[in-house]
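Encoded as structure tokens, the structure appears first; notes follow it.
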2 protein chains.
Amino acid sequence: MNVQLLNKKEAIFESTLKLINEYGFHGTPMSQIAARANVATGTIYHYFSSKDELILELFKYCRERTNDHIFNVDQALSYKEKFFFIWNRLVDYYIANKEVFWFIEQFYSSPYYELIQQKKNPSYYGADRMRLFFEEGIKSGIIRDVSFYTLVSIYIGTATSHVKMVTYGFCKMQAKGREDILEIIWNGVKNQ
Amino acid sequence: MNVQLLNKKEAIFESTLKLINEYGFHGTPMSQIAARANVATGTIYHYFSSKDELILELFKYCRERTNDHIFNVDQALSYKEKFFFIWNRLVDYYIANKEVFWFIEQFYSSPYYELIQQKKNPSYYGADRMRLFFEEGIKSGIIRDVSFYTLVSIYIGTATSHVKMVTYGFCKMQAKGREDILEIIWNGVKNQ
DNA sequence: ATTTAGCAATTGAACGTTCATTCGGTTGCA
DNA sequence: TGCAACCGAATGAACGTTCAATTGCTAAAT
């Protein structure tokens, strides 16, 4: 990542992200997180009360950054254009930031995610903007009136699945595959 | 291999599956796997050379069982019917066997999966039947001629995404949501 | 039919390592 | 002067793995 790290907290985040991507939750000791971030082990505990909290905070950090990025969209575009644009932005972002993608995927598949749900902390939920975006399409009659989670399964499910294929190396990152997916899901959800 | 051996091995598999589902890869010690399977810790090492090998074998075991189940389909059905049937079977199987689903998800998102890819062991790849099924639809002109991985993103991506929503408790396991998803992706992939 | 040899299966305490966390001390800045 | 930031060796618990000992089973030998 080419970003100039402004503080130690972000250095710790970036270090954790890379190590977890490489060795998984289990295989990344605090000592190595510290080493890669050029801080002492104890320093991490100045910012985070435990390893679990570090991982929870990192998840929030990743999700906020991702959401801020993908929903930064020109409101002058037509709904169809926005539908395509946001999907492509999400895929681009994840492919350019593989560590973020794999960390989020690992997190969602792990028991950590239940911890967050138990807390019932609204700031953990990042679905608000997605919900608004789909509601906009439904209310204006452009896309079919189906439930939010149905649309998420189709829109986000295909995007993450596609990113997995590409980062696994199964298929090349080529425009054709993306266009096909987008055309297919758009044909499926549009009203007519 | 006699019956007794299979029983112990399967008991270890089932125990591992449940514990990993509950505590994650990192949070499940061999001692607990043994306890839940009613065997001694050392016994596990009679069947598996290490914890990593146990997890790799368990992954193969889960994937084989899942594939055997979902592709057990009446060939007399029309292609569209099979398309709907297999998708529903996959979703049903995962919802009825949540530990299998979450284990596979965790595995795919973890660095373990790269280990398997490095081995280049064909027995690890379970995509053959899926590929044949899509080819059947393309050759007969029923579904659009797009790449295998595009179809996987749409077909499997939406299925796993839907299972996640349901097992997270975001949406009820009701017929409506499924029908909507299937109708949308079928509208998208069918020819013209 | 009984004995016996030998190997497979099983046990769980012990071992050595790794790791998250702590803490007493140091640095740097306001 | 005071306080936050920072350090890293020390601590103790947890964990994967080993191993010497025990049991159970099978089949050949008597």
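Restricting attention to region B:59-77, the residues that are among the acidic types (Asp, Glu) and free of Cβ contacts under 8 Å to residues at least 24 places away in the same chain add up to 2. Residues in region B:24-74 that are part of a loop (DSSP other than H, G, I, E, B), under 27 Å from A:GLU105 (Cβ atoms) and not aromatic (Phe, Trp, Tyr): B:GLY24, B:HIS26, B:GLY27, B:THR28, B:PRO29, B:SER50.
Answer yes or no: is there a residue in region B:34-48 that is more than 23 Å from the chain's Cα centre (by Cα), open to solvent by less than 10 Å² (accessible area, probe 1.4 Å) and either outside the structural domain of B:ASN88 (by TED's automatic domain parsing) or at pLDDT 95 or above (or both). Yes. In this structure, A:LEU77 does not satisfy being more than 14 Å from every other protein chain (Cβ to nearest Cβ) and either within 16 Å of DNA strand C (Cβ to nearest atom) or within 18 Å of A:LEU19 (Cβ to Cβ) (or both).
Looking at A:THR16, is it crowded, with 18+ Cβ neighbours inside 10 Å, more than 8 Å from DNA strand C (Cβ to nearest atom), in contact (Cβ under 8 Å) with a residue 12 or more places away in the chain and outside the structural domain of A:GLN106 (by TED's automatic domain parsing)? Spelling it out, A:THR16 is indeed crowded, with 18+ Cβ neighbours inside 10 Å, more than 8 Å from DNA strand C (Cβ to nearest atom), in contact (Cβ under 8 Å) with a residue 12 or more places away in the chain and outside the structural domain of A:GLN106 (by TED's automatic domain parsing).
Scanning region A:124-141 for residues that are in a helix (DSSP H, G or I), closer than 23 Å to A:HIS69 by Cβ, within 19 Å of the chain's Cα centre (by Cα) and at the interface with another protein chain (Cβ under 9 Å from one of its Cβ atoms) turns up nothing.
Evaluating B:VAL100 against the criteria (1) open to solvent by less than 20 Å² (accessible area, probe 1.4 Å); (2) touching a Cys at 6+ places or on another chain (Cβ under 8 Å); (3) facing chain A (nearest Cβ under 9 Å) leaves one unmet condition, (3). Screening the candidates B:THR28, B:THR43 for the property of being without any contact (Cβ under 8 Å) to a residue 24 or more places away in the chain and within 13 Å of DNA strand D (Cβ to nearest atom) yields one hit, B:THR28. Residue count for region A:134-180, restricted to those that are touching a residue at least 60 places away in the same chain (Cβ under 8 Å), of a type in the set (A, V, I, L, M, F, W, C) and within 24 Å of A:GLU105 (Cβ to Cβ): 5. Considering (1) within 14 Å of chain B (Cβ to nearest Cβ); (2) open to solvent by 10 Å² or more (accessible area, probe 1.4 Å); (3) without any contact (Cβ under 8 Å) to a residue 40 or more places away in the chain, the lone condition that A:LYS8 does not fulfil carries the number (1).
All of A:LEU151, A:LEU182, A:LEU90, A:LEU115 fail the test of being assigned to a helix (DSSP H, G or I), at pLDDT below 95, outside the structural domain of A:PHE25 (by TED's automatic domain parsing) and not small (Gly, Ala, Ser), apart from A:LEU115.
The values are calculated or read from the model by the stated rules, or taken from the named source; none is laboratory data. This structure is a prediction, so every number in the text was calculated from the model and none was measured. Reconstructed Cβ throughout: ideal geometry from the backbone, glycine too, with neighbour counts over all protein chains shown. With ligands, DNA and RNA removed, areas are computed over all heavy atoms of the protein, side chains included. Shrake-Rupley method; radii C 1.70, N 1.55, O 1.52, S 1.80 Å.
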